[in-house]
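These notes concern the structure reproduced below.
The values are calculated or read from the model by the stated rules, or taken from the named source; none is laboratory data. If you're wondering where the values come from, they're calculated on a predicted model, not measured in any experiment. All Cβ positions, glycine included, derive from the backbone under ideal geometry; neighbour counts span all protein chains shown.
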Amino acid sequence: MDPRASLPSVDRLLADPTLEKILNEWSRKVVVTVLREEVEGARSAVAKGSAPPSAEEIVASCGRRFAALAAPRPLRVINATGVVIHTNLGRAPLSPEAVRATAAVAGSYSTLEYDLGPGKRGQRSKHVADLLGLIFPGKAALVVNNNAAAILLVLNTLALGKEVVISRGELIEIGGSFRIPEILSRSGASLHEVGTTNRTHARDYEAAIGADTGMVLKVWPSNYRVIGFTAEVPFEELATIGHARGVPVVADQGCGRLFRDSAGPDSEPSVEELLAAGADLVCFSGDKMLGGPQAGVIVGDAELVARCAKNPLTRALRPDKMTLAALATTCQAWMRNKAVPELPAARMLEMDGALLREQAESLAAKIRERFPELSVELLSGSSRVGGGAAPEEELPTWLVAFSSSSLGEEQITRRLREADPPVIVRTIERRVVLDPRTLLPGEAEELLEGLSTALA
């Protein structure tokens with residue numbers, strides 16, 4: 001007899017009294033779908049030689065799946081890696097003020113597209129554009145849902161059916177297979193590469209710009225650097241070349257560093273510097289060094305920004321009320337000179353060595369006290385900016401490294417990921433390593449609880 005014939009039917013499983021609570025809480029249609037998947041999974045396992053599970057085992061497995069389905073998505077995690085703008089972990093955490101502003105509009109009606117003065121329809125873009133106009137005097141701004149969207153919109157607006165001149169060394173690919181040549185193609189523009197991978201000169205741009213040129217694009221490498229025998233055109237000179245020929249020059253700055261003296265490494269040019277150097281438009285992310293939500297920001301010449309705003313793509317790429325609320329609050333922090341104390345990412349980037357050592361020593365002492373079986377050590381090390389910014393820059397830090405004689409580092413890191421909330425760490429030389437730079441207030445105690453669960 002085929003052992004698969006002993007598997008219970010879905011109807012029989014639905015009659016199991018232990019499923020009553022699940023059926024009361026979840027749609028019957030969803031429960032049936034999950035049960036069918038469980039039975040089919042069991043059927044495949046039996047066909048490969050596994051023993052047939054009982055009805056009770058299938059129902060228990062179903063219960064575990066619904067428990068997982070009920071969990072928040074995505075999950076909040078504790079970032080102990082030292083990577084400040086961690087793309088996989090959601091990039092920049094919002095400030096408490098931004099969280100409150102987001103919650104306020106998320107759970108109620110708002111003035112998203114309503115002007116209280118005349119009591120008529122308003123423009124959603126003004127909520128942030130007016131603030132950015134004060135941050136960058138004389139410039140206009142437009143917000144879309146991420147920086148890739150910002151670049152796509154600018155290309156489609158200024159260079160549809162035309163050429164975009166770009167250095168061959170800037171045809172980047174970043175995480176998620178985002179490639180500049182493919183974005184160019186999708187925008188309706190065509191690519192005109194100049195120079196070589198490692199060296200591009202002013203004469204290369206001058207020879208390339210012609211009647212078919214829609215714009216010149218400068219892209220800052222997000223996650224790599226070409227070093228050695230290299231050459232590139234200073235941005236101010238590039239802007240002069242483009243303007244002399246009546247062609248707009250656009251900078252994809254990406255990292256969201258607003259000012260020359262903003263938090264973060266000086267290797268990343270600021271939006272302020274690029275505009276001063278002659279950029280007609282600068283595009284950057286809202287959730288990197290800016291410290292806000294995922295968004296793409298376009299800042300620059302008012303006429304060009306207005307053209308982008310009138311592009312039909314703008315409606316498809318526009319941000320929602322929660323993004324605008326968080327971004328407006330983040331911009332206000334920069335305007336009040338409170339970015340470092342209020343914005344977590346800015347504060348982390350500016351932390352000094354003495355404070356980091358103090359926090360690392362405190363964390364190490366608590367681990368030694370609670371877990372005497374661990375071998376704990378304080379190490380000097382480095383954190384990372386992350387988020388595709390400053391790939392060569394290291395931020396000096398102090399690390400807490402520990403190991404166990406009974407558990408390997410892979411077992412501990414896996415168990416930490418299974419904690420509530422999950423704790424994400426890194427390892428060095430078979431030791432688990434914690435970097436206090438990226439711990440938010442109150443998370444050190446939660447980390448210790450997660451470690452207690454992992455070592456149990």
Taking residue 377 as the residue in question, decide whether it is within 30 Å of residue 285 (Cα to Cα) and among the acidic types (Asp, Glu).
no
Elements of type strands (runs of 3 or more DSSP E) in the stretch 180-286, at least 2 residues being under 18 Å from residue 297 (Cα atoms) and touching an Asp or Glu at 6+ places or on another chain (Cβ under 9 Å)
213-219, 249-254, 281-285
Does at least one position in the stretch 375-398 carry a residue that is out of contact with any strand residue (DSSP E or B) (no Cβ under 8 Å at 6 or more places or on another chain), over 30 Å from residue 267 (Cβ atoms) and hydrophobic (A, V, I, L, M, F, W, C)?
no
When you check residue 166 against the structure, is it at pLDDT 95 or above and either within 22 Å of residue 337 (Cβ to Cβ) or surrounded by fewer than 18 Cβ atoms within 10 Å (Cβ to Cβ) (or both), yes or no?
no
Any residue at all in the stretch 311-330 that is at pLDDT below 95 and surrounded by 18 or more Cβ atoms within 10 Å (Cβ to Cβ)?
no
Residue 212 fails exactly one of the following numbered conditions: (1) touching a residue at least 40 places away in the same chain (Cβ under 8 Å); (2) touching a Pro at 6+ places or on another chain (Cβ under 8 Å); (3) farther than 27 Å from residue 323 by Cβ; (4) not small (Gly, Ala, Ser). What is the number of that condition?
(2)
Just to be sure, is residue 260 within 18 Å of residue 196 (Cβ to Cβ) and touching a residue at least 12 places away in the same chain (Cβ under 8 Å)?
no
Does residue 160 count as assigned to a loop (DSSP other than H, G, I, E, B) and in contact (Cβ under 8 Å) with a residue 40 or more places away in the chain?
yes
Counted residues, the stretch 92-137 - those being in a loop (DSSP other than H, G, I, E, B), on the phi < 0 side of the Ramachandran plot and not aromatic (Phe, Trp, Tyr)
18
Run down 454, 389 and say which single residue is surrounded by 15 or more Cβ atoms within 10 Å (Cβ to Cβ), farther than 27 Å from residue 289 by Cα, aliphatic (A, V, I, L, M) and in contact (Cβ under 8 Å) with a residue 24 or more places away in the chain.
454
Tally up the residues in the stretch 11-53 that are among the aromatic types (Phe, Trp, Tyr) and in a helix (DSSP H, G or I), please.
0
Got at least one residue in the stretch 357-366 being without any contact (Cβ under 8 Å) to a residue 60 or more places away in the chain, out of contact with any Phe, Trp or Tyr (no Cβ under 9 Å at 6 or more places or on another chain) and not aliphatic (A, V, I, L, M)?
no
Give me the pairs: first residue in the stretch 396-408 and closer than 8 Å to residue 375 by Cα and buried (at least 17 other Cβ atoms within 10 Å of the Cβ), second residue modelled with pLDDT of 95 or more and of a type in the set (Gly, Ala, Ser), beta-carbon distance under 7 Å, and six or more apart or on different chains, which are they?
402/375; 403/375
Mind listing whichever residues of the stretch 54-82 are buried (at least 19 other Cβ atoms within 10 Å of the Cβ) and in a helix (DSSP H, G or I)?
58, 59, 62
Of the residues that make up the stretch 259-269, is at least one farther than 22 Å from residue 394 by Cβ, in contact with a strand residue (DSSP E or B) (Cβ under 9 Å, 6 or more places away or on another chain) and either assigned by TED's automatic domain parsing to the domain that holds residue 194 or not polar (S, T, N, Q) (or both)?
no
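Let's see how each residue does on (1) surrounded by 20 or more Cβ atoms within 10 Å (Cβ to Cβ); (2) more than 20 Å from the chain's Cα centre (by Cα):
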{"residue": "84", "(1), (2)": "yes, no"}
{"residue": "95", "(1), (2)": "yes, no"}
{"residue": "102", "(1), (2)": "yes, no"}
{"residue": "125", "(1), (2)": "yes, yes"}
{"residue": "135", "(1), (2)": "no, yes"}
{"residue": "152", "(1), (2)": "yes, no"}
Extreme residue, surrounded by the fewest Cβ atoms within 10 Å (Cβ to Cβ), among residues of the stretch 138-150 that are part of a strand (DSSP E or B) and in contact with a Leu (Cβ under 7 Å, 6 or more places away or on another chain):
141
Looking across the stretch 197-218 at residues that are within 24 Å of residue 278 (Cα to Cα) and hydroxyl-bearing (Ser, Thr, Tyr), the single one that is nearest to the chain's Cα centre (by Cα) is 200
Can you tell me which of (1) modelled with pLDDT under 95; (2) touching a Phe, Trp or Tyr at 6+ places or on another chain (Cβ under 7 Å) is the one residue 178 doesn't meet?
(2)
Test: residue 157 is touching a Cys at 6+ places or on another chain (Cβ under 8 Å), in the same structural domain as residue 246 (by TED's automatic domain parsing) and of a type in the set (S, T, N, Q):
yes
